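Have a look at the structure below, then the notes.
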Amino acid sequence: MAKYRIKKHDQSTLSEIENQFDADAYWRHIPQQAAADLDMDDIEIANASQEEGEDFLSSAKVTRRSRRRIWQGVAAIILLFAFAIWLWGDMFMGKGDIGFLADSAQLAQDESLRNLRSAVVSIEGTNGSGTGFNIQADGLIVTNRHVVEDSLSFMITFGDGQATTFVSDEWLAIPNVDLALIDIDGTDLPYVSLSQEDALVGDSVIFIGNPLGFDWTISQATVEGLYALDEETSALVLDGPIRPGSSGSPVFNEQAQVTAVIFASFTDYPDKGLALPISYINTFLEENFHE
């Protein structure tokens, strides 16, 4: 196979040229010994033609650069327009990743559902965020263990315009399930009631949470079935818009009682998730808390 080599110029010759002439004009140099044989008028004409050629090439480069920028701008506008169409369809047609916002706005017109948001909280930890809900007037928050376990403290904000915020570093894990309790020092706080019965397959439910940073969003779901986590623990499969940030969301039955707690979503199924039945919380409270 042939090898291609770059021919090197004599360094001394290049050095002489660079030292004697401007880098952009040395090509115009005419050796003195040949000057007598040349017509200087012809030389000026030749030089002028060369300069015109340079100007033409320069303007051509500018034109190409301008055209490139124009096309880049057009492409950016097209991409922005396409994104706007996608976002519009996402939000208002209810078919995309944040289409649940339109559904939430409609559900919030129901005053009884809107009032439930007052006991739902946003939890911001040093290593993550999620949702929770209050079950006592003096402050006892239910959430997922994975929302709080890696954080040193949490900022807990009550929903629906309450403007009430607490900071806590006291939490307790419920054994064997992804649930936890956070203790806060409050008085006369809004709270929700716990159902004494787990949701059943086929039930229509409501859940309230903070998916994707959209706080206190109301969503509908259907209990599709059961999912075995291990030999002793089962979860409910929900068909609804469960997203990151939904962890710890309370699931309400028709009596506005919490019947389950969301703790996970399916990566391959964006509109399905898992919730732990309320019986796990009820059993723990009965065994460890007394009136």
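Tabulated data for the structure shown
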item: Packing rank of 274-287, 241-254, 112-125, where each peptide gets the mean count of other beta carbons within 10 Å, highest leading; result: 241-254, 112-125, 274-287
item: Label-point gap, in nm, between residue 157 and residue 286 - each point 7 angstrom along Cα→Cβ; result: 3.7
item: Radius 15 Å from Cβ of residue 130, net charge of other residues (Lys, Arg +1; Asp, Glu -1); result: -3
item: Potential extension, residue 111-residue 137 segment - 0.36 nm per residue separation minus Cα distance; result: 7.2 nm
item: Whole-number accessible area per residue in Å² for the stretch 120-190, which is evaluated in the context of all protein chains at 1.4 Å; result: 44
item: Equivalent ellipsoid semi-axes - Cα gyration tensor, the stretch 187-291, angstrom; result: 21, 18, 13
item: Check: the stretch 139-205 dipole with +1 on Lys, Arg Cβ and -1 on Asp, Glu Cβ, in debye; result: 80
item: P(r), alpha carbons of the stretch 122-169 - 5 Å bins starting at zero, rounded %; result: 5, 22, 35, 24, 11, 2
item: Cα centroid separation - the stretch 176-195 against the stretch 222-264, whole Å; result: 17
item: The stretch 144-232 shape via C-alpha gyration tensor axes, a/c threshold 1.5; result: oblate
item: Protection-proxy order for peptides 262-269, 217-224, each taking the mean of Cβ atoms within 10 Å per residue, highest first; result: 217-224, 262-269
item: Under Karplus coefficients 6.51, -1.76 and 1.60, residue-wise ³J(HN,Hα) of the stretch 151-157 in Hz, glycine/proline x; result: 10, 7, 7, 9, 9, 10, 10
item: Efficiency of FRET from Cβ geometry, residue 233 and residue 187, R₀ 45 Å, rounded to 0.05; result: 0.80
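The values are calculated or read from the model by the stated rules, or taken from the named source; none is laboratory data. Not measured: the values here are computed from a predicted model. Don't worry about glycine lacking a Cβ; one is built from the backbone with ideal geometry, like all the others, and counts go over all protein chains shown. In case anyone asks, the SASA skips ligands and DNA or RNA and just uses the protein heavy atoms, side chains included. Shrake-Rupley method; radii C 1.70, N 1.55, O 1.52, S 1.80 Å.
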